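To start, the structure under review is shown below, and the notes come after it.
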Amino acid sequence: MRRSHMAQDMGYPSQSQGYQHSQDIIENENDRQENLLSTKVRALKSLTIDIGNEVRDQNNMLKGMDDDFDSSGGLLHASMKKLKAITSMGGYKQMWYLLLFCLFVFFVCWLIIRSR
């Protein structure tokens, strides 16, 4: 007991003052870490909100594409029905004309692509 009293008289900090100083240092470090963690949480929150918005936009785009594919599938089905009707009526001559026309279109496309 006498030594701690002597330390205070000589200008040395007592044990309770050293303990308080350590607590202040730890408290300051905790505050700094808390602010750092808070900044990271805000960044993660912003990122998750952006991801959610992107997912909603992608879902809307996919729904639109699904509708477009459904409508083009219906159009293709109707065209195939008409083609079957032509072939069932004995229109083989028209089928050959259609085949030759398709080959001609592919040949022209090939020439255009090749010339570039």
Between the modelled labels at Cys102 and Leu75 (7 Å from Cα along Cα→Cβ) the distance in nm is 1.7
Looking only at lysines whose Cα falls under 24 Å of Lys45's and that sit 8 or more positions away or on another chain, we get none
To the nearest 10 degrees, the tilt of helix 15-88 (Cα long axis) against the first principal axis of the alpha carbons of the chain is 10
So the carbon and sulfur contribution to the accessible area of the chain, 1.4 Å probe, in percent, is 64
Partner lysines whose C-alpha sits under 21 Å from that of Lys84, ignoring same-chain residues fewer than 8 away, are Lys93
Answer in debye to the nearest 20: the dipole magnitude of the chain about its Cα centre, from +1 Lys/Arg and -1 Asp/Glu charges placed on Cβ, is 1020
Over the chain, with neighbouring protein chains present, the accessible area per residue in Å² at probe 1.4 Å is 96
With Cα springs under 10 Å, the Gaussian network model of the chain assigns the largest mean-square fluctuation among Met61, Met89, Met80 to Met89
Looks like the chain, by Cα gyration tensor root eigenvalues a ≥ b ≥ c and the a/c under 1.5 rounded cutoff (else prolate when a/b is bigger than b/c, oblate otherwise), is prolate
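The values are calculated or read from the model by the stated rules, or taken from the named source; none is laboratory data. From a predicted model like this one, the values you see are computed outputs, not experimental measurements. Note that we place each Cβ from the backbone using ideal geometry, even for glycine, and neighbour counts take in every protein chain shown. Accessible surface is based on the protein model in full, side chains and every heavy atom, while ligands, DNA and RNA are left aside. Shrake-Rupley method; radii C 1.70, N 1.55, O 1.52, S 1.80 Å.
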